[in-house]
């Protein structure tokens, strides 16, 4: 390859930088991105920018592995940026998440260790974690679990969350939550009412309380929290300063709690 003087350098040390540059400027699709970007730099003329485009394209065709390098580099950068954003936003939201005014808390309300869980009553992974969560609460008298109603799996999930929140007025949120999470299979409105009746809830009053617009406001607030933390699925846990997306093994869950419990 006969590289002109203004491009005469060893490209190998610049491969990661070149890879990311190519991916973000559109050259991988043989578009005009590189020529447009380079021509904005007064160092190069338009004709030189076009020439650069040709040489870079030739280099890519001769070294196609840099495409994979570019994709990996971009993915790593995106993950790092996402993690940084989540940490910043979590720090800002910690107080609101740990102490919701709706008091959707089970376990020791005055416990020194707080776990926050985003969940959906129709989420199989949430239910698979429930036994672990419940056992951990029973074994740790200093643990408080803040439940963030996050119905994302359709209208039936929304009904279940509104019913659970409405059950607070009968002081049965905790038992009702456990009944909903312990139920095997999907949950629809009929199932919600059957389970409510089973824990001693006045169903007629529950249906009236479910019409309270405050419940929609709580759920919308929870969705806003999830959006800021880039939580797109359930379950998602916040333990200490760590955000853990998805279900995790019991051993890992308890280890995270032990770390959050340890001084310093």
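We did not get these values from a lab; they are worked out from the coordinates using the rules stated. Keep in mind that this is a model prediction, so the values were computed, not measured. Neighbour counts run over all protein chains shown; Cβ positions are idealised from the backbone, glycine included.
Observations on the structure shown:
- Gain on full extension, evaluated as 0.36 nm per residue between residue 103 and residue 228 minus their Cα-Cα distance, stands at 42.9 nm.
- Proxy reagent accessibility, fewest Cβ within 10 Å first, across 162, 207: 207, 162
- For the listed peptides 62-74, 232-244, a ranking on the average number of other beta carbons within 10 Å per residue, highest first, reads 232-244, 62-74.
- In this simple spin-label model, placing a label point 7 Å from the Cα along the Cα-to-Cβ direction at both residue 87 and residue 261 gives a separation of 2.6 nm.
- Computed extension gain for residue 139 through residue 182, at 0.36 nm per residue and net of the alpha carbon distance, reaches 13.6 nm.
- Applying 1/(1 + (r/R0)^6) with R0 = 45 Å to the Cβ-Cβ distance of residue 221 and residue 68 gives a FRET efficiency near 0.60.
- Label-point separation in nm, residue 95 to residue 190, each point 7 Å along Cα→Cβ: 4.8
- Efficiency of FRET from Cβ geometry, residue 168 and residue 252, R₀ 30 Å, rounded to 0.05: 0.45
- Pairwise FRET efficiency - residue 205 versus residue 242, Cβ, R0 = 45 Å, nearest 0.05: 0.70
- Neighbour counts of C-beta atoms inside 10 Å place 253, 118 in the sequence 253, 118, starting with the fewest.
- Ranking of 116, 46, 199 by count of other Cβ atoms within 10 Å, fewest first: 46, 199, 116
- Sorting the segments 182-191, 143-152 by their mean number of nearby beta carbons within 10 angstrom, highest to lowest, gives 143-152, 182-191.
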